[in-house]
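Quick notes on the structure that follows.
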Amino acid sequence: MVYDYIIIGSGIAGLNAARLIPKSKKVLILCKKSPWECNTFYAQGGIATAVDDTDISDHIQDTLTAGANYNDKEAVEVLSKNSLECIKDLIDNGLEFDLNDKGELAFTKEAAHSRSRILHADGDATGRMMHLFLLSQCKHDIETNAVVNDLLIKDDICYGVQYFVSETEEKTAYAHNTIIASGGIGSIYKYHTNSTAIAGEIQGICAEKGLALKDMEMMQFHPTVFKGTSFARKTLLSEALRGEGAYIVDENNYRFLFDYHKDGELAPRDVVARAIFDYFHKTKLLIYLSFDNFEKTFFRKRFPNIYANLDDLGYDLPFEKVPISPAFHYAMGGIQTDINAKVLKMKNLYAIGEAACSGVHGANRLASNSLLEGIVFSKIAVSNSMEENFKISYENYTSIIKSYVRNQNIDKDIKNILRKIMWDNAAIVREESKLNDSLKQIETFLKEDVGRLLFLRLLTAKSILIAAIDRKKSLGAHFIKEKQC
Ligand code: FAD
Ligand code: SIN
């Protein structure tokens, strides 16, 4: 059987694409673990949108300024101009954003936004509420524990996918259109905010097949995660906290961010993350997020989940300050797409959401533009594919379908070394010599008999390192330390 669509991923991008594809079409949605194990589910702060038509130009400008003007301007315009209609469509279909005392939509502010334009749901559980809504609207089949390990590509046509369904079993599925919505790359860094399902395998497949990856050096580090746990996945302390009054201090209560940028804690995310990194390395002082501007009842109502999470960890918010550090958060770079969300040079392969690089975020993503990107570009991918109505003849896929080994015994150790290498050498501050050494190490690992999933992650890491080596000057999130003379 040939599906009309295969969608890889059940986050906001994949599920919104599925929502917009009519029930009459045969659609297969694949996801690695359970449907809700994705970054979307963990999103806290909210979803950015132009507040009204008069705000579109400012939203565009804020996105470009945060992105160091490295963004694709056309893509940014598409994002902002479509935001009002896309948000209205979600609300009309039953998604409930938080309202203010007057019963109007409540907009909050986050760093580098020139005004309050971020919608949120259930306080600080925007991702969870949006994901639950999209799942409740899903009329197509979702296959869980399906880990895509190859794309069936020949002559610029994607015929479908191959995927693991267990440690040893694989399946193949064919489709007229394939939509990649597999998210970012978080698990290849030692410390990150991401879901454990997110490890960049599909970007690795694209690298292997010679499909274009773009801006892979542009990796975003969130400035404020809770520092006190030993897990790789760190608890996020949303930027909306700073947007509404939380601030960063050292252990002597000195508010040092203003020494780095006139906007202090509300400077663009790359600036704040780098300032924390630099201040800590210079002073060795511990760094905290302080909430003492907040009134208790308001705080607990506005940020109920952060309150509960930190309560579990032994902190009584808003009365106590919390130790923080930056951690890997988001991939601006990814699979290069055109303005129709189509993968470059491909006839029927789309990439949307964090997996894609549409150019919308430039060198540094403006807070809360990612959920919006997922909604806007999934709609564009569905409209474009319906209009083009491309059909494959699956008999034309004559290449041999290889069988892969999912994991090998040596994988665990190499995986841990990979994460450490990326955190130590390809994170907030980079040095050319260390990037080159890391690349050599990754190339050595690629020659070992590793399992298929690790092999793909190594290819993704390699593409990040090569892109970082190629960009000699700092730009946005890519900060390269000058050589000492
Ligand atoms: P995801 O939601 O990550 O979904 C990816 C899907 O792909 C998953 O279903 C996964 O199982 C599947 N998948 C991955 N690999 C494979 C494979 N090999 N085979 C099969 N399936 C695969 N952005 C905002 O705009 N606002 C916020 O407030 C915000 N807060 C955030 C908070 C946290 C803690 C994090 C981690 C991110 C936050 N972001 C926020 C970023 C945003 O949540 C993500 O960029 C966005 O949700 C990505 O959506 P997506 O659909 O592209 O991917
Ligand atoms: C946050 O809530 O701080 C995350 C927002 C984002 O990543 O856009």
Within the stretch 19-48, restricting attention to residues that are among the basic types (Lys, Arg) and under 16 Å from residue 160 (Cβ atoms), which residue is farthest from ligand 2 (Cβ to nearest atom)?
26
Which of the residues that make up the stretch 177-207 are farther than 16 Å from residue 335 by Cα, part of a loop (DSSP other than H, G, I, E, B) and within 8 Å of ligand 1 (Cβ to nearest atom)?
193, 194, 195, 197
Which one is nearest to residue 369 (Cα to Cα) among residues in the stretch 227-274 that are without any contact (Cβ under 8 Å) to a residue 40 or more places away in the chain and open to solvent by less than 20 Å² (accessible area, probe 1.4 Å)?
264
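Can you tell me which residue among 225, 249, 271 is within 16 Å of ligand 1 (Cβ to nearest atom) and of a type in the set (A, V, I, L, M, F, W, C)? If you could, list the steps in order and put the result at the bottom.
Details: 249 fails: within 16 Å of ligand 1 (Cβ to nearest atom); 271 fails: within 16 Å of ligand 1 (Cβ to nearest atom).
When all the criteria are applied, what remains is 225.
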Can you say whether residue 419 is over 20 Å from the mean Cα position of the chain (by Cα) and either farther than 29 Å from residue 151 by Cα or modelled with pLDDT of 95 or more (or both), as far as the supplied structure shows?
no
Contacts under 7 angstrom Cβ, first residue in the stretch 407-422 being on the phi < 0 side of the Ramachandran plot, partner open to solvent by 60 Å² or more (accessible area, probe 1.4 Å) and polar (S, T, N, Q), 6 or more apart:
421/441
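Being open to solvent by 30 Å² or more (accessible area, probe 1.4 Å) and free of Cβ contacts under 8 Å to residues at least 40 places away in the same chain is the filter here, so list the residues in the stretch 26-63 that pass it. Working first, answer last.
Just the residues of the stretch 26-63 that are open to solvent by 30 Å² or more (accessible area, probe 1.4 Å), to begin with: 26, 32-34, 36-37, 39, 41-42, 51-54, 57-58, 61.
26, 52, 53, 54, 57, listed by residue number.
Can you name every residue in the stretch 362-382 that is open to solvent by 10 Å² or more (accessible area, probe 1.4 Å) and either assigned to a strand (DSSP E or B) or at negative phi (or both)?
Just the residues of the stretch 362-382 that are open to solvent by 10 Å² or more (accessible area, probe 1.4 Å), to begin with: 365, 368, 370-371, 379-380.
Answer for the stretch 362-382, where residues must be open to solvent by 10 Å² or more (accessible area, probe 1.4 Å) and either assigned to a strand (DSSP E or B) or at negative phi (or both): 365, 370, 371, 379, 380.
Quick one: which residue in 70, 3 is away from ligand 1 (no atom under 11 Å from the Cβ), open to solvent by 30 Å² or more (accessible area, probe 1.4 Å), over 21 Å from residue 89 (Cβ atoms) and part of a loop (DSSP other than H, G, I, E, B)?
Working: 3 fails: part of a loop (DSSP other than H, G, I, E, B).
Unique residue meeting the criteria: 70.
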For residue 3, all conditions in the list (1) within 20 Å of the chain's Cα centre (by Cα); (2) in contact (Cβ under 8 Å) with a residue 60 or more places away in the chain hold save one; what is the number of the exception?
(1)
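The values are calculated or read from the model by the stated rules, or taken from the named source; none is laboratory data. Please read these numbers as outputs of a predicted model, since none were measured by experiment. Using ideal geometry, Cβ is built from the backbone for each residue, glycine included, and neighbour counts are taken over all protein chains shown. With ligands, DNA and RNA removed, areas are computed over all heavy atoms of the protein, side chains included. Shrake-Rupley method; radii C 1.70, N 1.55, O 1.52, S 1.80 Å.
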